[in-house]
Amino acid sequence: MNGTALRAAAIALFAMAAAAAAPRAASAQGTSCDQGELEVRDLEFRGNDALSDGELEVSIATTRTAFLRRTLRIAVGTKRCLDRESLPRDVLSLISLYRERGFYETRVDTLVQELGSRAVRVVFTIREGPPTILRSYSVSGLDGVADSAALVNARRLRVGDRFDSSLLFADMDTIRQRLRNTGFHRADLLSPGYVRNNDSLIVDVTLTVLPGARARFGEPVFDVTAMDGRGQQISDQVARRVLGIVPGSRYSDRAVINAQRALFQLGTYRHVEVVPADSQPAGDTIVVLAVRLTEGYMRQVDSEFGWATLDCGRVRANYTDRNWLGTARRLDLSGQASKIGYGEPLATESTRRLCDFNGQSPLAEDKRFSERLHYHAGAAIAQPRLLGTLWVPTLSLYSERRGEYRAYLRTTFVGADFSAVRDVAERTQLRMGYGVEYGETDADAAALCALFNRCTPAEQGRLTSLATLGVASARITRIRTDNPLAPSRGTVLRGELRSSASRLLGTSPDQFFNKATGDGALYLPFGWRNVLALRLRLGYVHGLGDASGAVGFVPTQERMYAGGATSVRGFQQNELGSLVYIASGTVAGSIDTITVGVVGGETIYNMHAIVNPDTLRIDRTVPLGGNALFVANVDYRVRDPFFLPDLLQYSFFVDVGEVWTPSAQDPALRFNRLKMTPGVGLRLFTPIGPVVVNAGYNDYRRAAGPLYYNPSVERLHCVAPGNTIPLRTNASGQLEQVESSDPCPGAFQPPRPTRFTQRLTFTFSIGSEF
């Protein structure tokens, strides 16, 4: 084939792609209806095997009336009518689409069937014909280009597969972009040459690459527009540092994109544009960038004042300087306070009476945790492009006192967090961090058990004493999906390592631990706009103990948890694994107290029998978590085909998982212990993300664990079967537990649910489940 024929073939190929694309852009508009026109009540494709109905429907202009309107005959949704002039164009569009996909002998016929006097069905009958197969696929022009083999191997169109021109154009874009990211600023390709044999239904394709000369960055040119009435706030020198492009370095499209993103993320510019300048030096080896910036406001103050029943007076303020000291560093100063007027030192007798209404306010019942001011004071500094690198570090310092009503008071005298983030590859981010805090927690025994899972005197002593906790961490995230909130294809990989296992980190010896977690998700198109989503999550945390060899205490927030809307959806949040049960209310007659002796004039009892577990009402469950985690999810997400396909999605899922603590007797997970919960869900796409409601089926009996009776927030009694902790009568005539080293046995197990509705677990979330 001569050069003229090659050019003609290339022009024809591009024309087919353009013809196929044009109708698809217009198809979403539909056809308006005039009086007397026939309604398109049904649209049908017959004979298509290689392409789905959905792919064909979006490529033509003829569309049918909305589902509700055509099925229920109500005036809801758009009514669409037949435009006979568009039918021939639709035929050509379908033929062009099939040729684009390698079917050059496709034939399409149309049929309009009457459905009553005012409606029709439009039928497209397709004879696809045999596909054309790619016999050879060569790429020339890459001599002398490093990693040229990798460029060739990255092609999506493969020899032996059906020829698809859309994949051919995608391969051309990939080669061009990869060359431009390795210094070949003017890299391009000639129109593809191909030879097609109509008799044998084969095609040979040749791509000719024109890489050009490898280029380097020149000195960037800045054009900055300041705010009205203000001079330029950020100097060109600072902007050049944030830009991160060193003159003389190898040209890369990716570097230009990263530079533009770095400038935009400062929050100081209303407009950011980084492009090659209109005027370039002679030759192809130097690229000068034009950096066009429009400055915005550099400082911002937010504040909030209010009053609440449990807070009395409260205030919050935040100051942000996005150009601190003229260096484009971001400074955030934040502060908030509550219990103003009731907590010391901002309180007097008069203000306390005003806050508690002369003893009628709940604050009067919470003097232990409300008599001191609650506060948070913090400062954070973010440095863009540390030392000219891609690292973006942030340093935070804070001090706070916060609590929950009648439950606990946590005081962090000083805390610090240092982190640095950078992109290490395409859509792959690495975060290195270190955080340390020094503080204590004050709480009643009931709250320590119910809120912090500290149910033994030894554990409670650790929590209420002053201690330091320093944690070093490294996290890498690789997200390559087509949509961050509702992906239909791609992968997500996450991994994190956390450790407090050194005195050099500032951690108390009894809180040493190492932790590793990994999370991977795969999204595959599976039918018309449907998605098969797969996820695997693993984790392990190991408490290292102190010098005595005792088992290390793992902080609650570092333990492994599973269950909930983003995990195993047949369980409520964090309730997969070991649990502590809290029962309150009236349990008179359910506890069998037996006199065991008189010591020092006091009668001592044992509370070793409890109510029948089949009749006991559990008011609260406290997840204990574990040291090891396994979670796997299979989720088939189906777009609503009738009502609102762009807004509704149904999911059918099966979740499998377990949380446990390995021991010498039981070191590994046995698969017969895995919990499997199937279910269904509904996803509604909104501007703030998918709103998800799931119903998971759980036929498992809850795990056995300790049971506590909580007659008031100040007392907590172990009432699990086999309990031998002694009790005595206090001055108020109430039973209280005697100090004992005996743990509350994990011998209570709620009954298995009997009704179908009791086996359903409903979860709600906003955003992607995983």
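The values are calculated or read from the model by the stated rules, or taken from the named source; none is laboratory data. Quantities reported herein were computed from a predicted structural model and do not represent experimental measurements. When we count neighbours, we look across all protein chains shown, and the Cβ atoms used for this are built from the backbone with ideal geometry, even at glycine. What goes into the accessible areas is simple: the full protein's heavy atoms, side chains included, and nothing from ligands, DNA or RNA. Shrake-Rupley method; radii C 1.70, N 1.55, O 1.52, S 1.80 Å.
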Exercise. Within segment 175-195, which residues are buried (at least 16 other Cβ atoms within 10 Å of the Cβ) and over 15 Å from Leu151 (Cβ atoms)?
Worked result: His185, Leu190, Pro192, Gly193, Tyr194
Problem set entry | Single residue of Asp49, Asp34 found to be surrounded by fewer than 16 Cβ atoms within 10 Å (Cβ to Cβ), at pLDDT below 90 and of a type in the set (D, E, K, R) | Asp34
Exercise. Exactly one of (1) open to solvent by less than 50 Å² (accessible area, probe 1.4 Å); (2) within 30 Å of Cys355 (Cα to Cα); (3) touching a residue at least 40 places away in the same chain (Cβ under 8 Å) is unmet by Gly403. Its number?
Worked result: (3)
For this session: Run Ser350 past the list (1) under 35 Å from the mean Cα position of the chain (by Cα); (2) open to solvent by less than 80 Å² (accessible area, probe 1.4 Å) and report the number of the one that doesn't hold.
Result: (1)
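What strands (runs of 3 or more DSSP E) completely inside segment 285-347 contain at least 1 residues that are loosely packed, with under 14 Cβ neighbours inside 10 Å, modelled with pLDDT of 95 or more and on the phi > 0 side of the Ramachandran plot?
The strands (runs of 3 or more DSSP E) meeting that bar number zero.
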For this session: Return yes when Gly144 is open to solvent by 50 Å² or more (accessible area, probe 1.4 Å), within 20 Å of Thr285 (Cα to Cα) and of a type in the set (Gly, Ala, Ser) and no when it is not.
Result: yes
Exercise. Is it the case that segment 231-249 has a residue that's open to solvent by 70 Å² or more (accessible area, probe 1.4 Å), assigned to a strand (DSSP E or B), touching a strand residue (DSSP E or B) at 6+ places or on another chain (Cβ under 7 Å) and more than 20 Å from Leu386 (Cβ to Cβ)?
Worked result: no
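Could you say which residue among Gly267, Gly212 is touching a residue at least 12 places away in the same chain (Cβ under 8 Å), open to solvent by 40 Å² or more (accessible area, probe 1.4 Å) and at positive phi?
None of the others qualify; the one that does is Gly212.
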Seminar exercise, completed: Scanning segment 108-129 for residues that are under 45 Å from the mean Cα position of the chain (by Cα) and surrounded by fewer than 15 Cβ atoms within 10 Å (Cβ to Cβ) gives Thr125, Arg127, Gly129
Exercise. If you go through segment 543-576 one residue at a time, how many are at pLDDT below 90 and not in a loop (DSSP other than H, G, I, E, B)?
Worked result: 4
For this session: May I ask you to list the residues in segment 468-490 that are open to solvent by less than 60 Å² (accessible area, probe 1.4 Å) and part of a strand (DSSP E or B)?
Result: Thr468, Leu469, Gly470, Val471, Ala472, Ser473, Ala474, Thr477, Thr481, Gly490
Exercise. Would you pick out the residues in segment 500-522 that are open to solvent by less than 20 Å² (accessible area, probe 1.4 Å), polar (S, T, N, Q) and modelled with pLDDT of 90 or more?
Worked result: Ser500
